[in-house]
């Protein structure tokens, strides 16, 4: 961007590979050359969020290894009775597919955003929000089912007491992230629909004009929520 | 503020003003829709595979390694394609991806710590109820 100190009027291709890393990070320059600060800061926020979820999964691992009481079998705990037979983990599998689909629609929304196709972008973002809301709804159903079966943060009928606290903490924090994502998706979709990014209308909170890149930054957050679910699905539900 | 003004101009104005400064300007991540659909399909296939690991009740190291392989492939596809990390400069990719990998050191420490906790619990309280 023109205002950075690195811009001195002439252009030479930046080196790539390891040389590129050294060149980008050294000598008091802007480190992220072709990434706006909005996007870079979203990445750094997601990095810090990674550590939060990492710590949750780590403490879950520690609790599960160190307990001498058998861990409840998630395959049976999360089974649903459909058509007279227990299908293991079926609700969690559907939730996974719903969240992956919402990631797909979000990626396409970003694409249409850069083409300034307001209608398609807004519809795809609202579809993403709807899938996210579906996910949260299914999670609420799952919580209700487990709570009625007697799962509490301090104990459950099937085994190690830490199961409940790990479950409520990890899935609750993830569900909160999805809920916040749905709210922001609706806000950004409304801005796209109204044409804020084309008209240069200022945001109600930052008082700054936005760009269609905001859709991509929103997308980064949403894909991260999907990414975290990949790890929760693997470590908490399947392990 | 200079930055606010530059942002207000929008990307097109910036590109028009400095067509040669492509390497310095913020790059839009625009890729064919087909790529996203292919990745979407792969994520479905990989999720189905990891679900089938549980459905068929695989156990032991086979189960754990399959879970990890499908998990890493899915995470890789999401970060690389959906989050466009594959097209970013390495300076950003390493700054973001390297720190979470270093968490594995923490994981190793906690495995030893948890094993020790289990050992003391078994030694002082005996086997579980």
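The values are calculated or read from the model by the stated rules, or taken from the named source; none is laboratory data. From a predicted model like this one, the values you see are computed outputs, not experimental measurements. Here the Cβ positions follow ideal geometry from the backbone for every residue, glycine too, while neighbour counts run over all protein chains shown.
Pick from the stretch A:214-239 the residues that are within 8 Å of chain B (Cβ to nearest Cβ) and within 12 Å of the chain's Cα centre (by Cα): which of them is farthest from residue A:54 (Cα to Cα)?
A:219
Output the residues belonging to the stretch A:182-213 that are within 14 Å of chain B (Cβ to nearest Cβ) and buried (at least 17 other Cβ atoms within 10 Å of the Cβ).
A:196, A:197, A:209, A:210, A:211, A:212, A:213
Out of the residues in the stretch A:75-91 that are facing chain B (nearest Cβ under 8 Å) and closer than 26 Å to residue B:107 by Cβ, state the one that is nearest to the chain's Cα centre (by Cα).
Filtering first and then ranking leaves A:89.
Kindly check whether there is at least one residue in the stretch B:104-111 that is within 22 Å of residue A:229 (Cβ to Cβ) and either out of contact with any helix residue (DSSP H, G or I) (no Cβ under 7 Å at 6 or more places or on another chain) or loosely packed, with under 13 Cβ neighbours inside 10 Å (or both).
Yes, there is a match, as at least one residue in the stretch B:104-111 is within 22 Å of residue A:229 (Cβ to Cβ) and either out of contact with any helix residue (DSSP H, G or I) (no Cβ under 7 Å at 6 or more places or on another chain) or loosely packed, with under 13 Cβ neighbours inside 10 Å (or both).
Out of (1) over 30 Å from residue A:162 (Cα atoms); (2) buried (at least 19 other Cβ atoms within 10 Å of the Cβ); (3) modelled with pLDDT of 85 or more, what's the single condition that is false for residue A:19?
Going through (1) over 30 Å from residue A:162 (Cα atoms); (2) buried (at least 19 other Cβ atoms within 10 Å of the Cβ); (3) modelled with pLDDT of 85 or more one by one, residue A:19 breaks only (2).
In the stretch A:141-157, which residue that is surrounded by fewer than 18 Cβ atoms within 10 Å (Cβ to Cβ) and touching a helix residue (DSSP H, G or I) at 6+ places or on another chain (Cβ under 8 Å) is modelled with the lowest pLDDT?
So, considering only residues that are surrounded by fewer than 18 Cβ atoms within 10 Å (Cβ to Cβ) and touching a helix residue (DSSP H, G or I) at 6+ places or on another chain (Cβ under 8 Å), the one modelled with the lowest pLDDT is A:155.
List the helices (runs of 4 or more DSSP H) inside the stretch A:13-87, counting only whole elements, that have at least 2 residues being in contact (Cβ under 8 Å) with a residue 24 or more places away in the chain.
The qualifying helices (runs of 4 or more DSSP H) are A:37-66, A:74-77.
Restricting attention to the stretch B:32-86, which residues are touching a residue at least 24 places away in the same chain (Cβ under 8 Å) and surrounded by fewer than 14 Cβ atoms within 10 Å (Cβ to Cβ)?
Within the stretch B:32-86, B:35 is the sole residue that qualifies.
Could you say whether any residue in the stretch A:103-118 is over 26 Å from residue B:43 (Cβ atoms) and more than 20 Å from the chain's Cα centre (by Cα)?
Yes - at least one qualifying residue is present in the stretch A:103-118.
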